[in-house]
1. Has the stretch 288-296 got any residue that is on the phi > 0 side of the Ramachandran plot and at pLDDT 95 or above?
2. Any idea which of (1) among the aliphatic types (A, V, I, L, M); (2) open to solvent by 10 Å² or more (accessible area, probe 1.4 Å); (3) touching a residue at least 40 places away in the same chain (Cβ under 8 Å) is the one residue 116 doesn't satisfy?
3. Considering the stretch 291-317 alone, what residues qualify as being β-branched (Val, Ile, Thr) and either more than 21 Å from residue 154 (Cα to Cα) or more than 14 Å from the chain's Cα centre (by Cα) (or both)?
4. Taking only the stretch 349-367 into account, find how many residues are part of a strand (DSSP E or B) and open to solvent by 10 Å² or more (accessible area, probe 1.4 Å).
5. Taking only the stretch 79-137 into account, find how many residues are aliphatic (A, V, I, L, M) and either closer than 18 Å to residue 338 by Cβ or in a helix (DSSP H, G or I) (or both).
6. Anything in the stretch 224-250 that is surrounded by fewer than 22 Cβ atoms within 10 Å (Cβ to Cβ), within 13 Å of the chain's Cα centre (by Cα) and either of a type in the set (Lys, Arg) or not in a loop (DSSP other than H, G, I, E, B) (or both)? List them, or say none.
7. Can you say whether residue 160 is in a helix (DSSP H, G or I), charged (D, E, K, R) and open to solvent by less than 50 Å² (accessible area, probe 1.4 Å), as far as the supplied structure shows?
8. Which residues, counting only those in the stretch 319-333, are under 23 Å from residue 218 (Cα atoms), in contact with a helix residue (DSSP H, G or I) (Cβ under 7 Å, 6 or more places away or on another chain) and surrounded by 16 or more Cβ atoms within 10 Å (Cβ to Cβ)?
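The values are calculated or read from the model by the stated rules, or taken from the named source; none is laboratory data. Nothing here was measured: the structure is a model prediction, and the numbers come from that model. Cβ coordinates were reconstructed from backbone atoms using ideal geometry, including for glycine residues, and neighbour counts include every protein chain displayed. For accessibility, only protein heavy atoms count, side chains too; no ligands or nucleic acids. Shrake-Rupley method; radii C 1.70, N 1.55, O 1.52, S 1.80 Å.
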Amino acid sequence: MTVTASANALRIGVAGLGTVGCGVLRLMARHGDVLAQRTGRPIVVTGICARDRRKDRGLDLHRFQWFDDPVELARSDAIDVFVELIGGENGPARDAVEAALEAGKHVVTANKALLAHHGAALAARAEEKGVALNFEAAVAGGIPIVKVMRESLAGNDITRVYGILNGTSNYILSRMQQEGRPFAEVLADAQARGYAEADPAFDIGGFDAAHKLSILTSLAFGTQVSFDTVYVEGIERITPADIEAADELGYRIKLLGVALNTDSGIEQRVHPAMVAKHTALAQVDGVTNCVAIDADQAGSMMLIGRGAGAEPTASSVVSDLADIARGNRVAPFLIPARNLKPYTRAQMRAHEGGYYIRLSVYDRPGAFAAIASRMAEQGISLESIVQRRKGGARDAVHGDGQGAPTPVVMITHRTMEDSMRKALEAIEKDGHVDAPPQMIRIERL
């Protein structure tokens, strides 16, 4: 038996029955009547698609028409809206979304990778066909950041958007801060709890956050989506020593995504950063996400909430469906795709907050003088330098006459990142350190 819909119902096809897809079906079953009252028409799931028809998902799926091929579902006359929850920048997800748009179907997707790589082209096709392309669930789970930027801030010029865009990394850094445990140990615990994937590289390497940031950048500044130009740095090299030093200096370490509109172009970067303890951003712990916006009329604002999971992500999917049911439709990236400006990368500029540098320096004559000289060559001014010896015992001496490596923490004044990297490269080549230098930006937010 399949679902029959009334004449004015909005008919939905859901492709992908993983955590989010099943969450959407549960939400629709629980709140379908309320949704109909709030939107003025029933919203009814009529078709579904997944890789394995026999898998037990804890739901009664017999009343929905089953499709083995998502492209077939996307083109079906049985649906008005195609909901893509398959994932992946290419393959079945892209094929099905393109087929749905070509067939004149509205599309709702949670697929950040698809949008980061093909968003402008898909938006252009949706506008040509006169249908919606909605993607609230693609960025920050249940936080309604896309709606805020596309609608609530339509009368503003946005100068900066930034935040914590990946819950897995934030969870790991929070646990390291709270418990003093090393990265690898906390990552293993996160995997055991289901907060991190078996292959966590996409999250901890910063790429998930970079996909989301590239979408926010386009919404904020009216540029074409440009994922390939995002500077990406993950959290793999953060150590308990960095966490401890940050705490003593009055900071917390967070993986941030930052997009900034400058006179020379757009700056997009994802990387670990030190933020002052007293800021709201520093207090965002666990798997929670946070997105902040600086706008000329509305001022600064911050949205905090659950960034992943079945319920919050399904909530965003259904919000997009409700907009379509009401007849609310805006250009996917706020302005028509044909008017999106080519992305121009900003020139290298001074970093406002300076840098935290951690070196493991051989305790031998001339080492510290050589390091200071390399900094001076690049015009880098040091705010402070701290030698962090552990215990009071005299350091051991290596067989080659070199003192055992000593942790040294330096804080710089505002300086150019290119200069900072050249200085650190020279310091490493000089052979006065026994490990690659650690560099973390200090963000003044």
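1. No, because not a single residue in the stretch 288-296 is on the phi > 0 side of the Ramachandran plot and at pLDDT 95 or above.
2. (2)
3. Filtering the stretch 291-317 for residues β-branched (Val, Ile, Thr) gives 291, 293, 304, 313, 317.
Those that are β-branched (Val, Ile, Thr) and either more than 21 Å from residue 154 (Cα to Cα) or more than 14 Å from the chain's Cα centre (by Cα) (or both): 293, 313, 317.
4. Number satisfying all stated conditions: 6.
5. Counting residues in the stretch 79-137 that are aliphatic (A, V, I, L, M) and either closer than 18 Å to residue 338 by Cβ or in a helix (DSSP H, G or I) (or both) gives 20.
6. 231, 232
7. Answer is no for this residue.
8. 319, 320, 331, 332, 333
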